[in-house]
Amino acid sequence: MSEYIDIQPETTDDPDMMVLITNLELTQEREHYATHAEGDEGSALAQALFAVPGLASATLHGSELTVRREPDVEWHALIEDLTDALRDFFL
């Protein structure tokens, strides 16, 4: 396991969606959570991510995390909080 987590955000055509590429394998199998309720019932990692305010949906696959933000949530704050959640979960 890596001693640090590196996250590279990549924008998409959708202004409310972003792909976060990490240096860690988040999942071996694809996981998709279309709603907060699904995330709350999902894997331990999904539960940790959906504890972050402003996350609307998430797809995890390999080292990529594709996220959709809730309306009026700033990307910089959401990415910082998701990074903290990943760091707490993995490190």
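A few points about this structure:
- Between Leu45, Trp75, Met17, the Cα set farthest toward the positive side of the dipole of the chain (charges on each charged residue's Cβ, about the Cα centre) is that of Leu45.
- When you restrict to C-alpha pairs under 8 Å that are six or more residues apart and normalise by the size of the chain, the relative contact order lands at 30 percent.
- Residues of the range 43-58 with amide N under 13 Å of a point placed 7 Å along Cα→Cβ from Asp72: 54
- Unit charges on C-beta of K, R, D, E only; dipole of the chain, Debye: 120 debye
- Qualifying chymotrypsin sites (Phe, Trp or Tyr not before Pro) in the range 1-57, where qualification requires a DSSP coil assignment and no more than 13 other C-beta atoms within 10 Å, comprise Tyr4.
- Tensor-based shape of the chain (alpha-carbon gyration tensor, a/c under 1.5 rounded, otherwise prolate or oblate): rounded
- Burial ordering of Ile7, Ile21, fewest other beta-carbon atoms within 10 Å first: Ile21, Ile7
- GluC sites (Glu not before Pro) restricted to DSSP loop in the range 62-91 with at most 15 other C-beta within 10 Å: Glu74
Since every read-out is calculated from the coordinates, none of them should be taken as a lab result. Bear in mind the structure is a predicted one, so any value in this text is a computation, not a measurement. Glycine gets a Cβ as well: all are built from the backbone with ideal geometry, and neighbour counts include every protein chain shown.
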